[in-house]
């Protein structure tokens, strides 16, 4: 099972809740607005002009790509405090075996340092995979209690 925590403090929250239930719609937020200030940060090494172009591409990607997050931590108090309006919201459970697309969820990698990628030393496919992992699937180790999947 994976869980989606939702607050219920505003009219927009209630509308999203209604959409989740009646229309089977899940909200995805832009990667640039995720709550970990170090999220999406990466240290690139390589030729300076190429590195600069990649940093610009990463910032564009963070604005253009949306993220759908789930947690495996239903009973973690901090999840309820942070994402379910201080224990007053709701959590929806999803059985991953019932939804084919949920097999494509990836666990977030929690680490205490920013990922470092040598862009000159990777082929195109490996570079793309490394950037996606670093930018969209890596968070500070302080958030490991979330046990997040995206």
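Antiparallel as a % of all DSSP beta bridges within the chain, to the nearest 5?
The answer is about 65 percent antiparallel.
Tell me what the chain gives for mean residue ellipticity at 222 nm when only DSSP H runs of n ≥ 4 count, each as -39,500 (n - 2.57), the sum divided by the residue total, rounded to 500 deg cm²/dmol.
My calculation for the chain gives -10000 deg cm²/dmol from helical runs alone.
Measuring from label point to label point, each 7 Å out along Cα→Cβ, what is the residue 81 to residue 10 span in nm?
So the label points at residue 81 and residue 10 sit 2.3 nm apart.
With a cut-off of 8 Å between alpha carbons and a minimum separation of six or more residues, what is the relative contact order of the range 2-149 in percent?
Across the range 2-149, relative contact order equals 38 percent.
What order do you get for 97, 138, 38 when you list them from fewest to most C-beta neighbours inside 10 Å?
By the 10 Å Cβ count, ascending: 97, 38, 138.
Test of understanding: what is the full-extension gain from residue 26 to residue 63, defined as 0.36 nm times their sequence separation minus their Cα-Cα distance?
Length gained, residue 26 through residue 63: 11.4 nm.
Compute the distance in nm between two label points, each set 7 Å from the Cα along the Cα-to-Cβ direction, one at residue 55 and one at residue 19.
Once both label points are built, they end up 3.5 nm from each other.
Between residue 99 and residue 118, what is the label-to-label distance in nm when each label sits 7 Å out along the Cα-to-Cβ direction?
Result: 4.0 nm between the two label points.
The numbers here are math on the coordinates, done by the rules we state, and not lab data. In this text, all values refer to a predicted model and were calculated from it rather than measured experimentally. Quick reminder, even Gly has a Cβ in these numbers, built from the backbone with ideal geometry, and neighbours come from all protein chains shown.
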